[in-house]
Amino acid sequence: MTEKIVTPPHMFACLDVEGENYTIEVELPGVKKNDVNLSMHDDVIHVLAEREDLTFHGHLHFPIRVDPQKARAKFTSGLLKVTVPVKEKRTPPTKIEVK
């Protein structure tokens, strides 16, 4: 399942579920690795990146509890990829009988 994340102008991000991990990819053209700041509080991830003429900033609320202590991030050629494991296993949908 891939979803487009609503972000400020000049910033494009996608959220994808890969097994028991969420993966976020954020396009940050022209930004250097040292100019990317990433943080998490509760189940919200914050991205701040700067280049000479523009500042990128955005945040994402995860739809389920995640484990920020096990988050991994990689930045290559203007693409930030963050993988965050789900903290609690998702349960499959349950059919509820209507009487």
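Here, each number is a calculation from the coordinates, and none is a lab measurement. This is a predicted model, so every value here is computed, not measured. In this analysis, Cβ positions are derived from the backbone assuming ideal geometry, glycine residues included, and neighbour counts consider all displayed protein chains.
Which value, in nm² and rounded to one decimal, describes the direction-averaged projected area of the C-alpha convex hull of the chain?
On the way: hull surface 31.0 nm².
Result: 7.7 nm².
Can you count the Lys pairs in the chain whose Cα atoms are under 27 Å apart, with each pair 8 or more apart or on different chains?
The number of close lysine pairs in the chain is 20.
Would you mind putting 66-76, 21-31 in packing order, based on average other-beta-carbon counts within 10 Å, highest first?
Details: 66-76: 14.0, 21-31: 18.6.
With the highest mean Cβ count within 10 Å placed first, the list reads 21-31, 66-76.
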